[in-house]
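In what follows, a structure is listed as structure tokens, so that the remarks can point back to it.
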Amino acid sequence: MRTPLLSLAAFALMSFPALADRPVTDAERAKIDAALTAIGCTATDLEFDTGDNRYEVDNATCGGERGFDFELNTAFEFVDGERPVTAQEQARIDAVLSAEGCTAGVAEFDYDDNRYEVDDAICGGVRFEIDLDSDFNVLKKKRDD
């Protein structure tokens with residue numbers, strides 16, 4: 001009895017089409033490229049994930065560094081991934097941290113949390129992790145042990 005049930009279950013699973021990634025169209029590629037260019041990145045490994053209904057960008061180059069992965073929604077807005085900050089963003093971060101009595105460390109923007117994350121900031125000789133919102137307000141200042 002068990003073998004026929006397993007066979008039936010296997011057949012049922014094989015009968016449904018698998019959700020898969022598909023290549024992006026030329027029009028989609030142009031919109032993704034525009035979004036990437038706006039944040040100082042480029043990429044050639046692009047696909048649309050039909051299961052998540054999102055565009056996937058793998059191994060992008062940002063600020064001369066390679067290996068960044070992103071996801072964009074169908075409105076071509078970033079919804080997942082981290083990237084290095086731009087020079088303008090770094091200047092704003094430096095100003096905010098200086099006002100806090102700190103020197104900036106390594107900063108990235110996290111699309112998942114919609115915030116800037118600064119690792120290895122030094123405040124009064126002590127190392128901290130500092131998070132700022134998208135308007136550069138300090139959200140969290142945690143001692144980095």
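Please identify the pairs in which a residue from region 51-64 that is not assigned by TED's automatic domain parsing to the domain that holds E77 and in a strand (DSSP E or B) has its Cβ atom under 6 Å from the Cβ atom of a residue that is modelled with pLDDT of 95 or more and surrounded by 11 or more Cβ atoms within 10 Å (Cβ to Cβ), counting only partners at least 6 apart or on another chain.
Filtered contacts from region 51-64: no entries.
Could you list all residues from region 63-94 that are within 22 Å of D135 (Cβ to Cβ) and charged (D, E, K, R)?
E77, D80, E82, R83, E89, R92, D94
For E65, all conditions in the list (1) under 16 Å from K140 (Cα atoms); (2) surrounded by fewer than 14 Cβ atoms within 10 Å (Cβ to Cβ) hold save one; what is the number of the exception?
Result: E65 fails condition (1) only.
Which of (1) exposed (fewer than 14 other Cβ atoms within 10 Å of the Cβ); (2) at pLDDT 95 or above; (3) of a type in the set (A, V, I, L, M, F, W, C); (4) more than 24 Å from L139 (Cα to Cα) is the odd one out, the single condition V57 does not satisfy?
(1)
Hey, any hits in region 34-43 for a residue that's in a strand (DSSP E or B), surrounded by 14 or more Cβ atoms within 10 Å (Cβ to Cβ) and either touching a residue at least 40 places away in the same chain (Cβ under 8 Å) or of a type in the set (K, R) (or both)? Let's see the steps before the verdict.
Residues of region 34-43 that are in a strand (DSSP E or B), as a first pass: 41-42.
If we keep only those that are surrounded by 14 or more Cβ atoms within 10 Å (Cβ to Cβ) too, we end up with 41.
Remaining after also requiring either touching a residue at least 40 places away in the same chain (Cβ under 8 Å) or of a type in the set (K, R) (or both): 41.
So far as region 34-43 goes, yes, one or more of its residues are in a strand (DSSP E or B), surrounded by 14 or more Cβ atoms within 10 Å (Cβ to Cβ) and either touching a residue at least 40 places away in the same chain (Cβ under 8 Å) or of a type in the set (K, R) (or both).
Only residues that are touching a residue at least 24 places away in the same chain (Cβ under 8 Å) and assigned to a strand (DSSP E or B): list them for region 124-142, please.
Across region 124-142, the qualifying residues are F128, I130, L132, V138, L139, K141.
Does E89 qualify as being surrounded by 15 or more Cβ atoms within 10 Å (Cβ to Cβ), not in a strand (DSSP E or B) and not hydroxyl-bearing (S, T, Y)?
Yes; evaluated as a whole, the condition is true for this residue.
Yes or no: region 99-108 includes at least one residue that is of a type in the set (S, T, N, Q), under 11 Å from the mean Cα position of the chain (by Cα) and either under 30 Å from L46 (Cα atoms) or not in a loop (DSSP other than H, G, I, E, B) (or both). Step through it out loud before you land on a result.
Step one: filter region 99-108 for residues of a type in the set (S, T, N, Q), giving 103.
From what is left, the residues that are under 11 Å from the mean Cα position of the chain (by Cα) are none.
So far as region 99-108 goes, no, none of its residues is of a type in the set (S, T, N, Q), under 11 Å from the mean Cα position of the chain (by Cα) and either under 30 Å from L46 (Cα atoms) or not in a loop (DSSP other than H, G, I, E, B) (or both).
Output the residue which, of all residues in region 125-145 that are within 14 Å of V106 (Cα to Cα) and within 20 Å of the chain's Cα centre (by Cα), is surrounded by the most Cβ atoms within 10 Å (Cβ to Cβ).
Looking at residues that are within 14 Å of V106 (Cα to Cα) and within 20 Å of the chain's Cα centre (by Cα), I get I130.
Restricting attention to region 104-126, does a residue exist that is out of contact with any Ser or Thr (no Cβ under 9 Å at 6 or more places or on another chain), more than 30 Å from D21 (Cβ to Cβ) and charged (D, E, K, R)?
Looking through region 104-126, at least one residue is out of contact with any Ser or Thr (no Cβ under 9 Å at 6 or more places or on another chain), more than 30 Å from D21 (Cβ to Cβ) and charged (D, E, K, R).
Which pairs do you get when a residue that is at positive phi, found in region 101-120, comes within reach of a residue that is modelled with pLDDT of 95 or more and crowded, with 19+ Cβ neighbours inside 10 Å, reach meaning Cβ atoms under 9 angstrom, with the pair 6+ apart or on two chains?
D120/F128
The values are calculated or read from the model by the stated rules, or taken from the named source; none is laboratory data. This one's a predicted model, so the numbers in the text were calculated from it and none came from an experiment. Please note: Cβ atoms are built from the backbone with ideal geometry, for glycine as well, and neighbour counts cover all protein chains shown.
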